[in-house]
Amino acid sequence: MINVTRTFLPPFEEYCREIRGLWDTRVVTNMGPRHEAFREALESFLGVPRVSLFSNGHLALEALLRAMELPAGGEVITTPFTFISTVNAIIRCGLVPVFADVLPSDGTMDADSARSLIGPRTVAILPVHVYGNLCDVDKLGALAAEHSLPIIYDAAHAFGVKYRGASALSFGDASIVSFHATKVFSTMEGGAVVPGKNSGILQALEDEKNFGIRGYEECVSPGGNAKMNELQAAMGICNLRHFPEVLERRRALYENYRRHLKGVGFLEPREAVEPNYSYMPVLVERRDKMYEKLMAAGIHARKYFYPLASDFAFCRDCPGAGSTPVARDLSSRVLCLPLYPELGEREQDKIIFCISENN
Ligand SMILES: *Cc1c(COP(=O)(O)O)cnc(C)c1O
């Protein structure tokens with residue numbers, strides 16, 4: 001079976017070298033030396049002043065929402081065309097998701113739709129850089145500023161994406177990114193918050209991930225536990241070295257798909273964006289039939305993102321649910337094709353052939 005993705009791993013010996021010292025020091029977690037080295041390497045790779053590492057992207061998002069101290073019961077404008085983690089984090093933090101529609105060109109939040117949903121209970125805007133397609137950060141940023149609302153980005157898909165030379169993770173009040181095994185850059189499980197213009201939340205993030213403990217005898221808040229351990233950080237250090245070659249291979253495969261796939265629709269990243277080729281979404285008219293045909297041929301494409309988050313029972317009564325026709329249309333036609341560094345040319349040819357046969 002050709003799956004939609006395959007986790008990239010560094011050479012086994014390289015990883016072993018990176019974790020060898022753990023057997024001497026016995027420091028395996030709690031912001032140890034690998035954690036600090038990885039954090040610094042990330043900061044310089046991304047060109048941002050500070051990164052806060054987490055055990056996974058979801059807990060990074062929950063910690064960020066809590067660190068922002070948004071009023072309980074407040075409404076957070078997001079989109080239903082995302083992985084359910086985005087919406088679950090909002091609800092689990094005692095906030096209410098409000099569903100704005102997306103743009104047909106790239107699946108990111110439609111600023112005009114978001115504008116129409118802003119009301120007295122709105123406390124934040126949470127757009128998603130879906131598939132690594134950068135949101136219209138200029139328009140959304142201006143909208144947030146106009147209404148004095150914080151804007152935080154779910155940039156789980158956007159590691160390595162750049163806009164006018166700057167990291168996609170540097171916009172808004174803060175962004176979260178995921179280093180899950182299925183993402184373009186991975187620490188097996190892992191994630192981070194990258195504070196943008198809101199660096200004042202750094203201490204609160206540290207408290208959220210480590211029980212609110214400061215020093216040996218002080219606890220300042222009922223924080224949770226979401227620390228990245230040394231084995232995860234060591235994987236991050238190795239994979240960061242390999243990221244340029246991973247990106248290059250993904251780009252080649254992506255461009256080959258674009259050259260050879262006929263009769264399907266594509267989503268286009270906006271102007272001045274350097275993409276990370278993290279997904280290969282295509283739009284097909286009889287999507288479910290295509291999905292079955294590919295499955296029968298041993299190709300497991302995925303219907304990301306179907307169903308819409310707003311269609312799940314616990315979201316159906318939230319404001320905006322069911323009123324996002326563009327998101328619904330994309331969700332009914334999208335299929336993410338296999339794309340990962342080790343995908344072979346013959347495997348890719350087979351996928352392209354199978355699509356042209358059944359389109
Ligand atoms: C993967 C993902 C997350 C959650 O990240 P984890 O590291 O898996 O916890 C959040 N939002 C989106 C859009 C994602 O794709």
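The values are calculated or read from the model by the stated rules, or taken from the named source; none is laboratory data. Treat the numbers as computed from the prediction; the structure is a model and nothing was measured. Cβ sites come from the backbone with ideal geometry, for glycine too, and all protein chains shown count toward neighbours. Only protein heavy atoms, including side chains, enter the accessible area calculation; ligands, DNA and RNA are left aside. Shrake-Rupley method; radii C 1.70, N 1.55, O 1.52, S 1.80 Å.
Taking residue 292, is it free of Cβ contacts under 8 Å to residues at least 12 places away in the same chain, closer than 20 Å to residue 109 by Cβ and either surrounded by fewer than 18 Cβ atoms within 10 Å (Cβ to Cβ) or not polar (S, T, N, Q) (or both)? No. Quick one: residue 197 ticks every box in (1) within 11 Å of the ligand (Cβ to nearest atom); (2) out of contact with any Leu (no Cβ under 7 Å at 6 or more places or on another chain) except a single one, so which number is it? Tallying (1) within 11 Å of the ligand (Cβ to nearest atom); (2) out of contact with any Leu (no Cβ under 7 Å at 6 or more places or on another chain), residue 197 fails exactly one: (1). Among the residues of segment 140-160, those that are within 16 Å of the ligand (Cβ to nearest atom), outside any strand (DSSP E or B) and touching a residue at least 60 places away in the same chain (Cβ under 8 Å) comprise 156, 157, 158, 159, 160. Remark: pairs (first residue in segment 169-180, closer than 11 Å to residue 150 by Cα; second residue of a type in the set (Ser, Thr, Tyr) and within 13 Å of the ligand (Cβ to nearest atom); Cβ separation under 8 Å; 6+ apart in sequence or on different chains) = 172/153; 174/153. Whenever a residue of segment 38-52 is within 18 Å of residue 163 (Cβ to Cβ), its partners that are hydroxyl-bearing (Ser, Thr, Tyr) and crowded, with 20+ Cβ neighbours inside 10 Å, lying with C-beta atoms within less than 9 angstrom and at least six residues away or across chains, give the pairs 45/167; 46/167; 46/170; 47/167; 47/170; 48/167; 48/170.
Quick one: is residue 34 in contact with an Asp or Glu (Cβ under 6 Å, 6 or more places away or on another chain) and either of a type in the set (Val, Ile, Thr) or under 22 Å from residue 250 (Cα atoms) (or both)? Answer is no for this residue.
Within segment 161-194, being within 13 Å of the ligand (Cβ to nearest atom), open to solvent by less than 30 Å² (accessible area, probe 1.4 Å) and either among the acidic types (Asp, Glu) or part of a strand (DSSP E or B) (or both) holds for 175, 176, 177, 178, 191, 192, 193.
Going by what's in this entry, would residue 152 be described as open to solvent by less than 20 Å² (accessible area, probe 1.4 Å) and in contact with an Asp or Glu (Cβ under 6 Å, 6 or more places away or on another chain)? Taking the combined requirement at face value, the residue satisfies it. The set of residues in segment 244-268 that are closer than 22 Å to residue 105 by Cβ, open to solvent by 40 Å² or more (accessible area, probe 1.4 Å) and either of a type in the set (A, V, I, L, M) or under 20 Å from the mean Cα position of the chain (by Cα) (or both) comprises 251, 266, 268.
A single member of 6, 20 is open to solvent by 50 Å² or more (accessible area, probe 1.4 Å), of a type in the set (D, E, K, R) and within 24 Å of residue 84 (Cα to Cα), and it is 6.
Every condition in (1) assigned to a loop (DSSP other than H, G, I, E, B); (2) over 28 Å from residue 165 (Cα atoms); (3) touching a helix residue (DSSP H, G or I) at 6+ places or on another chain (Cβ under 7 Å) holds for residue 8 except the one numbered (2). Taken residue by residue, segment 276-289 has at least one member that is touching a strand residue (DSSP E or B) at 6+ places or on another chain (Cβ under 6 Å), more than 30 Å from residue 16 (Cβ to Cβ) and charged (D, E, K, R).
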